[in-house]
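Here, each number is a calculation from the coordinates, and none is a lab measurement. All figures in this text were calculated on a predicted structure; none of them were measured in a lab. Because the Cβ atoms are built from the backbone with ideal geometry, glycine has one as well, and the counts that use them run over all protein chains shown.
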Amino acid sequence: MVLEHYISELLYRYNCVTVPNFGAFLTQTKSAVINTATNAFYAPRKTVSFNEQVATNDGLLISYMADAEKVSYETMLTRVNEQAAIWKAKLQQGDRLKLNAIGELWLNESNKIQFQPENQVNYATSSFGLSSFVALPVTRETLKEEVESIEEKIPFIFTPERRSVSAIRPYFKYAALFLLTIATGFTAYSYVNNQTTALVQEEAQERVVKRIQEATFFDLKPVELPPLSIHVTTSLKKKTIRVHHVVAGAFKYRKNADRKIRQLKRRGFNASYIGTNKFGLHMVNYDSYTNVKEALNALKTIKQSQSREAWLLSTNK
């Protein structure tokens with residue numbers, strides 16, 4: 001019989017677990033905490049304390065252990081009283097009493113029991129799976145103030161824009177027009193001897209217009225591009241099946257998990273072992289479902305008839 005193991009299991013569900021003739025272990029909920037010095041975030045948790053003044057048997061621990069060990073209530077009460085006497089004797093000898101997953105007890109100079117809780121275990125079921133983490137600080141830059149300070153110290157110098165190629169092209173047109181006019185002038189001069197001045201000017205004007213049109217229009221012939229080939233590869237993804245487990249409990253020792261499975265099967269449930277969580281606790285379910293609606297209905301029924309502490313875990317298969 002490992003008494004501290006049963007105490008630890010009950011601390012997940014109840015705020016007070018009393019060991020008859022020894023004392024009571026109490027839990028108190030604390031909100032999430034942010035350590036501004038280290039930028040560490042801590043999830044909500046339940047802290048454990050001890051009060052040796054509360055030693056009256058309330059029946060919770062004895063009934064739970066008697067049901068788990070399959071013995072009578074009176075037999076289990078006798079065993080717990082014997083274990084409490086052993087713990088007291090060990091403390092009176094000056095030794096420290098270490099209870100796994102709960103904490104450490106010892107006597108001070110005034111013969112009073114002192115208690116140091118185990119900080120590695122969080123008994124808040126609402127924070128199950130949440131661990132502490134450290135985040136990088138967020139630095140917010142005041143860009144407006146920085147720009148204003150720079151404007152006061154450094155004057156801005158505006159430089160003219162670089163003229164684009166398209167802005168220069170009209171000058172090439174005028175230059176081409178000028179050169180063509182000169183060339184046409186020499187041609188018109190050869191006709192002066194045989195034709196009148198009016199005819200020469202008309203022909204020269206027609207040639208100037210033609211040359212200007214040839215010089216100012218671009219070749220708009222389309223460019224043929226190489227054919228584009230696209231290779232498409234397809235892959236079939238393996239279909240993921242979502243399995244929903246109605247969890248009955250998580251146990252530190254595998255043998256206790258196996259005992260719970262046998263107990264649930266005797267009650268008619270299709271209980272099974274579903275592995276360990278990140279805290280190393282062995283998890284047992286009432287049953288597993290691939291349909292989430294069926295899983296939720298089963299969870300509701302189990303909470304009403306078996307245990308209000310049952311919860312739903314969804315995994316990929």
Quiz prompt | Residues LYS293 and ASP58, FRET efficiency given R0 of 35 Å [Cβ-Cβ distance, rounded to 0.05] | solution = 0.35
Quiz item: Which of the trypsin sites (Lys or Arg not before Pro) across the range 233-308 are loop residues per DSSP, with 15 or fewer other Cβ within 10 Å?
Solution: LYS237, LYS238, LYS239, ARG267, LYS278, ARG308
Exercise. Order these peptides, 98-104, 4-10, by their mean beta-carbon neighbour count within 10 angstrom, highest first.
Key: 4-10, 98-104
Practice problem: Compute the FRET efficiency between LYS30 and GLN304 as 1/(1 + (r/R0)^6), taking r as their Cβ-Cβ distance and R0 = 22 Å, and round to the nearest 0.05. | Solution: 0.15
Self-check item: Extended-chain gain in nm, criterion 0.36 nm per residue less alpha-carbon gap, LEU312 and ARG267
Solution: 14.2 nm
Practice problem: With 31 Å as the limit, write out which pairs from LYS239/LYS278; LYS112/LYS260; LYS70/LYS90; LYS30/LYS98 have Cα-Cα distances beyond it, or answer none. | Solution: LYS112/LYS260
Quiz item: Stretch ASN21-ASN111 to full length: gain in nm at 0.36 nm per residue minus the Cα-Cα span?
Solution: 30.8 nm
Quiz item: Taking the range 38-89, which trypsin sites (Lys or Arg not before Pro) meet the DSSP loop condition and have no more than 14 other C-beta atoms within 10 Å?
Solution: LYS70
